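Colleague: Handing you a structure now.
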Amino acid sequence: MIRVARGATGFWGHGDDPLSQVDVVAFKTACHIVARSIRATVGEVTPAGVTPSFHTVLITGPGVRSTVLCHEVVPVVAFAASPPQAGAPLADFTSPPAWADAFELGGFQLLEVEELSMPLAAADTSELAEAELEQVRYWRPSTVGELMFNWWD
């Protein structure tokens with residue numbers, strides 16, 4: 001069973017302390033380290049904001065085209081087969097490539113497809129704040145990936 005960390009939705013309640021943000025500089029640095037190691041380039045980082053709940057970057061090179069997603073609050077990285085479309089749920093998660101270890105060295109956990117596609121009903125959501133649970137009840141994500149990488153406002 002996967003434990004979904006507090007902050008995974010990107011929401012907090014009015015009386016709660018704001019959630020700390022992932023170090024975007026550390027994410028960008030890891031992207032550049034990875035790109036150098038595979039002779040690829042890093043596209044512009046699309047930042048998280050009110051929506052989406054994640055930063056996105058495209059890494060491209062010879063035989064490589066990988067969309068990297070970094071959660072805004074929880075230090076996790078996921079990979080998708082194609083760049084996200086604004087407002088659309090992400091459904092094309094892919095396994096972390098062999099070259100993704102630089103993200104772990106930068107303090108990020110790599111998420112596997114099995115974790116992201118796990119039905120939310122099978123995950124442990126006990127760490128989520130009440131404000132997050134309200135959002136889950138409203139938006140009704142069906143998987144852990146839909147909960148973590150979202151366009152909720």
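The values are calculated or read from the model by the stated rules, or taken from the named source; none is laboratory data. From a predicted model like this one, the values you see are computed outputs, not experimental measurements. Note that we place each Cβ from the backbone using ideal geometry, even for glycine, and neighbour counts take in every protein chain shown. The accessibility values were calculated without ligands, DNA or RNA, using every heavy atom of the protein model including side chains. Shrake-Rupley method; radii C 1.70, N 1.55, O 1.52, S 1.80 Å.
Colleague: Output the 0 to 90 degree angle, nearest 10, between the alpha-carbon long axis of helix 24-37 and the longest principal axis computed from the alpha carbons of the chain.
Modeller: Between the helix axis and the principal axis of the chain, the angle is about 30 degrees.
Colleague: Between A131 and R65, how high is the FRET efficiency from 1/(1 + (r/R0)^6) when r is the Cβ-Cβ distance and R₀ = 35 Å? Nearest 0.05.
Modeller: Details: r = 37 Å, r/R0 = 1.05.
So, using R0 = 35 Å, E works out to roughly 0.40.
Colleague: Direction-averaged shadow area of the convex hull around the Cα atoms of the chain, nm²?
Modeller: 8.5 nm²
Colleague: Please give the peptides 113-126, 22-35 ranked by average Cβ packing (other Cβ atoms within 10 Å per residue), highest first, as a rough proxy for protection.
Modeller: Working: 113-126: 14.5, 22-35: 18.2.
Result, highest mean first: 22-35, 113-126.
Colleague: Still on this model: May I ask you to give the percent of accessible area on the stretch 13-114 that is carbon plus sulfur, with a probe radius of 1.4 Å?
Modeller: Details: 2900 of 5280 Å².
Its accessible area is 55 percent carbon and sulfur atoms.
Colleague: Still on this structure, I have one more. Can you tell me the mean projection area, over all orientations, of the convex hull of the stretch 72-139's alpha carbons? Units nm², please. Don't jump to the answer; show the numbers that get you there.
Modeller: Numbers: hull surface 22.8 nm².
Taking a quarter of the hull surface, the average projection is 5.7 nm².
Colleague: Just to be sure I understand: of the beta bridges DSSP finds with both ends in the chain, what percent are antiparallel, rounded to 5? If you can, show how the numbers build up before the last one.
Modeller: On the way: 18 of 21 bridges.
About 85 percent, rounded to the nearest 5.
Colleague: Tell me the mean residue ellipticity at 222 nm calculated for the chain from its helices only (DSSP H runs of n ≥ 4, each -39500 (n - 2.57), averaged over every residue, nearest 500).
Modeller: Details: 5 runs with 38 residues, N = 153.
Value at 222 nm, helices only: -6500 deg cm²/dmol.
Colleague: Related question: How much FRET efficiency would the formula 1/(1 + (r/R0)^6) give for R39 and Q109, where r is the Cβ-Cβ distance and R0 is 25 Å, rounded to 0.05?
Modeller: Values: r = 26 Å, r/R0 = 1.03.
E between R39 and Q109, to the nearest 0.05, is 0.45.
Colleague: On to the next question. If I ignore ligands, DNA and RNA and count only protein heavy atoms, how much of D101 is accessible to a 1.4 Å probe, in Å² to the nearest 10?
Modeller: 90 Å²
Colleague: What is the list of residues in the stretch 4-19 whose amide nitrogen lies under 14 Å from a point 7 angstrom out from the Cα of W139, following Cα to Cβ?
Modeller: Answer for this model: 5-13.
Colleague: Continuing with this model, one more query. What Rg and what Dmax come out for the stretch 20-88 when only alpha-carbon atoms are used, in angstroms?
Modeller: Calculated on Cα positions, Rg and Dmax stand at 11.7, 36 Å.
Colleague: If I fit a long axis through the Cα atoms of helix 130-139 and take the longest principal axis of the Cα atoms of the chain, what angle between them do I get, 0 to 90°, rounded to 10?
Modeller: Its long axis makes an angle of about 80 degrees.
Colleague: Could you work out how much longer the chain between S82 and Q21 gets when fully extended? Use 0.36 nm per residue separation minus the Cα distance between them, nm to one decimal.
Modeller: Gain on extension, S82 to Q21, equals 19.5 nm.
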